[in-house]
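Let me begin by presenting the structure, written as structure tokens, before commenting on it.
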Amino acid sequence: MNKRHLKDNVFLLGAVDWNRRLFDSLVPLPDGTSYNAYLVFGDEKTVLLDTADPATVDVLMAQLADVPKIDYIVSHHAEQDHSGSIPKVLEKYPDAKVVCSTKAKNMLMDLLDIADETFKTVEDGDKISLGGKTLEFIYAPWVHWPETMATYLHEDKILFSCDFFGSHIATSDIFVTDKCRVYEAAKRYFAEIMMPFRNVIEKNLEKLKGYDIKMIAPSHGQIYDDPSWIMDAYSDWVLGPPKNLVVLPYVSMHASTESMVDHLVSALVDNDVRVELFDLTVTDIGMLAMALVDAATVVVGTPTVLAGPHPMAAYCAFLANALRPRIKFLSIIGSYGWGGKTVEILASMIPNLKVEVIDPVLCKGIPKADVFKSIDAMAATIAKKHREQGFA
Ligand code: FEO
């Protein structure tokens with residue numbers, strides 16, 4: 001793909017990675033992704049905003065083949081899917097300055113071995129004139145690294161937001177064409193990397209209210225030519241109350257825990273509580289993370305194995321603790337053979353989650369009538385607590 005026109009003298013560059021299926025050796029990419037870079041020509045200066053993942057550097061360099069001079073390479077974020085091709089771009093444009101936040105400079109020196117004199121650091125609110133085009137740099141820490149910033153192009157009212165508002169979608173469309181698809185992908189992306197920083201994102205969203213933004217050009221996925229809905233969605237994910245939803249990740253070895261889980265699902269539905277169920281042996285963890293954005297309650301279903309929770313349940317607890325969802329209530333159900341410390345171990349793995357624990361239901365062997373009665377009581381308790389909190 002060659003350069004693609006966005007606005008007068010503003011172009012989309014970068015690569016669509018149709019076949020990538022895993023990011024950071026962790027995050028599933030069911031729809032591939034893209035690494036968006038942008039080129040802005042002023043009357044006097046030319047700027048490249050971000051680059052591309054090094055695996056796709058040849059695509060970027062081909063797009064730059066007829067660009068004789070680049071004065072600035074803006075690096076919004078030091079993660080290599082955006083910065084990793086800077087050294088190659090510098091080989092072609094050795095006089096270009098890498099423009100970045102002060103924190104990013106140190107990270108880029110560490111990660112890419114770029115020389116100190118190559119950098120021009122900018123502070124929050126600094127501007128650079130390209131001649132007829134003015135870039136303003138907006139520090140946006142923790143979306144999702146501490147060094148991250150965005151750029152606002154005043155004349156065209158475009159926010160180049162880097163990962164902020166991004167989505168992992170491989171597509172030939174420049175602009176959002178299917179809002180539902182992009183909403184899901186952007187929510188998944190938020191859940192996977194932004195959710196732990198909700199408090200800081202709230203401040204960043206507030207900061208952006210001071211700008212007249214007509215277009216958001218992120219570094220992954222399609223460009224928003226109608227940005228209000230994605231900003232509203234972010235506000236909801238960050239600030240809104242949790243929903244009347246129980247997320248139920250579980251693993252079962254010999255069907256006892258599974259029968260408890262099945263019973264709880266029915267009991268919750270009968271109490272008008274929505275449920276999202278995840279068998280951890282086959283779960284796409286991005287889907288689980290996305291469900292955690294909305295959940296008011298998590299109930300983990302796990303058998304006791306090796307004297308503790310099943311390792312997949314422990315993995316799920318570790319992940320939930322790291323993602324810091326806004327859940328309010330937590331519980332555990334499951335079967336054990338002769339004993340163990342499942343509840344204690346799982347509870348010790350979630351110090352970041354400020355939750356009220358609802359009494360777990362553990363049973364020895366296969367669940368019997370008294371166990372199902374306890375699960376019915378758990379479902380009624382959850383429904384009551386959701387109602388009391390006004391979760392809809
Ligand atoms: Fe798309 Fe945090 O890099």
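The values are calculated or read from the model by the stated rules, or taken from the named source; none is laboratory data. Fair warning: this is a prediction, and the values are worked out from it, not measured in the lab. FYI the Cβ positions are ideal-geometry reconstructions off the backbone, even for glycines, and counts take in every protein chain you see. Accessible surface is based on the protein model in full, side chains and every heavy atom, while ligands, DNA and RNA are left aside. Shrake-Rupley method; radii C 1.70, N 1.55, O 1.52, S 1.80 Å.
State whether the range 168-249 is rounded, prolate or oblate according to the following rule on the C-alpha gyration tensor (a ≥ b ≥ c being the square roots of its eigenvalues): a/c under 1.5 gives rounded; otherwise a/b larger than b/c gives prolate, and the remaining case gives oblate. In terms of gyration-tensor shape, oblate.
Oblate is the label for the range 127-206, because a/c, from the alpha-carbon gyration tensor with a ≥ b ≥ c as root eigenvalues, is 1.5 or above and a/b does not exceed b/c. Build a GNM of the chain with springs between Cα atoms under 10 Å apart, and of P30, P242, P303 the one that fluctuates most is P30. Within a straight-line Cα-Cα reach of under 15 Å, K105 can be paired with the following aspartates and glutamates, leaving aside sequence neighbours fewer than 8 residues apart in one chain: D50, E79, D113, D116, E117, E123, D124, E147. Report, please, the projected area of the range 267-376 averaged over directions, based on the convex hull of its C-alpha atoms, in nm². Answer in nm², one decimal: 6.8. Between the listed residues C100, Y189, V238, the Cα displaced farthest toward the positive end of the dipole of the chain, a dipole computed from Cβ unit charges relative to the Cα centre, is found at V238.
For the range 241-329, a simple Cβ point-charge model (Lys and Arg +1, Asp and Glu -1, everything else neutral) yields a dipole of about 420 debye relative to the Cα centre.
One chain, two ends: S266 and K368. Fully extended at 0.36 nm per residue, the span grows by 35.1 nm beyond their Cα-Cα distance. Restricting the trypsin sites (Lys or Arg not before Pro) of the range 31-134 to loop positions (DSSP other than H, G, I, E, B) with no more than 11 neighbouring Cβ atoms within 10 Å leaves K69.
How big is the Rg/Rh ratio for the range 74-153, C-alpha atoms only, Rh by Kirkwood, two decimals?
That ratio equals 0.95.
In this structure, no residue pair taken from K127/K157; K328/K384; K45/K120; K157/K209; K328/K354 has a Cα-Cα separation over 18 Å. Over what distance in Å are the Cα centres of the range 148-221 and the range 316-377 separated? First find each Cα centre; the distance between them is then 36 Å. Here the extension length gained between D124 and Y315 equals 64.9 nm, from 0.36 nm per residue of separation less the Cα-Cα distance.
How high is the FRET efficiency between A377 and K207 when r is their beta carbon distance and R₀ equals 41 Å, given to the nearest 0.05? It comes to 0.30.
Computed from phi, the 3J(HN,Hα) profile of the range 276-292 under the Karplus parametrisation 6.51, -1.76, 1.60 (θ = phi - 60°) reads 10, 10, 10, 6, 5, 6, 10, 6, 7, 5, x, 5, 5, 4, 5, 5, 5 Hz, with x in place of Gly and Pro. Once the Cα-Cα distance is subtracted from the 0.36 nm per residue extended length, the S228 to D284 segment shows a gain of 17.2 nm. Starting from the Cα of M253, step 7 Å toward the Cβ, then list every residue of the range 360-377 with an amide N under 20 Å from that point. Only 361-368 fall inside the zone, counting backbone N under 20 Å. With a ≥ b ≥ c taken as the square roots of the eigenvalues of the C-alpha gyration tensor of the range 227-301, please select rounded if a/c is under 1.5 and otherwise prolate if a/b is larger than b/c or oblate if it is not? Oblate is the answer for the range 227-301, as a/c is 1.5 or above yet b/c matches or exceeds a/b.
For the chain, the share of DSSP beta bridges that are antiparallel, to the nearest 5, is 50%.
Of all aspartates and glutamates in the structure, not one has an alpha carbon short of 12 Å from that of K203, not counting any fewer than 8 places away in one chain. Geometric descriptor of the chain, per residue, is 136 Å³ (volume of the convex hull of the Cα atoms).
Quick one: pull the percent of accessible area on the range 4-239 belonging to carbon and sulfur, 1.4 Å probe, ligands and nucleic acids left out.
Here it works out to 49 percent.
Across the options P227, F137, F119, the greatest Cα extent toward the positive end of the charge dipole of the range 94-229 (unit charges at beta carbon of Lys, Arg, Asp, Glu) belongs to P227.
Which percent of the accessible area of the range 245-385 is formed by carbon and sulfur heavy atoms (probe 1.4 angstrom)? Ligands and nucleic acids excluded, carbon and sulfur give 60 percent.
The angle separating the long axis of helix 198-208 from the principal Cα axis of greatest extent in the chain is about 40 degrees. If R₀ is 22 angstrom, what is the calculated FRET efficiency for the pair T177 and N2, using the beta carbon separation as r and rounding to 0.05? That gives a FRET efficiency of 0.65.
Checking every one of the chymotrypsin sites (Phe, Trp or Tyr not before Pro) in the range 1-51 against DSSP loop status and a limit of 15 other Cβ atoms within 10 Å picks out W18.
Based on protein heavy atoms only, the range 4-239 ends up with 39 Å² per residue of surface accessible to a 1.4 Å probe.
Restricting the chymotrypsin sites (Phe, Trp or Tyr not before Pro) of the range 311-360 to loop positions (DSSP other than H, G, I, E, B) with no more than 11 neighbouring Cβ atoms within 10 Å leaves W338.
Using the charge dipole of the chain (Lys, Arg: +1 at Cβ; Asp, Glu: -1 at Cβ; taken about the Cα centre), state which of N2, I345, V59 has its Cα farthest towards the positive end. Going by the Cα projections, it comes out as I345. Each Lys and Arg adds +1 at its Cβ and each Asp and Glu adds -1 at its Cβ; summed about the Cα centre, the chain shows a dipole of about 880 debye. Note on the range 1-56: with charges restricted to the Cβ of Lys and Arg (+1) and Asp and Glu (-1), its dipole about the Cα centre is near 160 debye. Rolling a 1.4 Å probe over the protein heavy atoms gives the range 245-385 an accessible area of 44 Å² per residue.
Secondary-structure-derived ellipticity at 222 nm for the chain, considering helices only, amounts to -10000 deg cm²/dmol, per-run term -39500 (n - 2.57) for DSSP H runs with n ≥ 4.
Working note: Cα atoms of the range 1-128, range along each principal axis, descending, whole Å: 40, 33, 28.
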